[in-house]
Amino acid sequence: MDPSPLNSCRVVDADLVLTVDAGDILADGSFSAEGEAPCDRCTEPVAVRFGKTFNILLTPRNRGPAGSGPIELREEDLDVGYYDGTGVEVGDIFWEQVALEIPVKVVCSEDCRGVCPACGANRNREACSCGAQDSPGPFDVLKNLKGKKE
Ligand SMILES: [Zn+2]
Ligand SMILES: [Zn+2]
């Protein structure tokens, strides 16, 4: 898995109810988190917010055949996980869910113009001279076509 693209991340709101039922642990929770990630195009820091609601059934990994029957899925969207039978860290449940939701790609704006590949200037803030060739005016196009023949 790719390392997290976030520079920072904190959970601002979290809710978790654990129900233990014959060795199974049902975790119902939700969280919302915020963080900061570099824009995929211009690398400027961008504030991101994300969150989700989850229902996970954790069942002991080492449960023997004498245990209760097959897991009954109570809800269609119930995720099933395993734990080693001695316990689970509440924080682990949370951070696993947070990690799953972290946005893979962040842009500061849909029309972010990014960084000039030639000189590294942030094209949202400055018009570098090489940038002019990237979005040519109608006459520049003709000029460039001629130039390419050389
Ligand atoms: Zn950007
Ligand atoms: Zn440039």
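General remarks:
- Selection of the range 98-133 for residues being in a loop (DSSP other than H, G, I, E, B), of a type in the set (S, T, N, Q) and more than 9 Å from ligand 2 (Cβ to nearest atom) yields Ser109, Asn124.
- In the range 86-108, the count of residues that are away from ligand 1 (no atom under 16 Å from the Cβ), at pLDDT below 80 and loosely packed, with under 15 Cβ neighbours inside 10 Å is one or more.
- Inside the range 28-47, residues that are surrounded by 18 or more Cβ atoms within 10 Å (Cβ to Cβ), within 24 Å of Asp13 (Cβ to Cβ) and out of contact with any Phe, Trp or Tyr (no Cβ under 7 Å at 6 or more places or on another chain) make up a count of 3.
- Being assigned to a loop (DSSP other than H, G, I, E, B), among the charged types (D, E, K, R) and modelled with pLDDT under 70 is a property that holds for Glu72.
The values are calculated or read from the model by the stated rules, or taken from the named source; none is laboratory data. This structure is a prediction, so every number in the text was calculated from the model and none was measured. Note: ideal-geometry Cβ built from the backbone for every residue, glycine included; neighbour counts use all protein chains shown.
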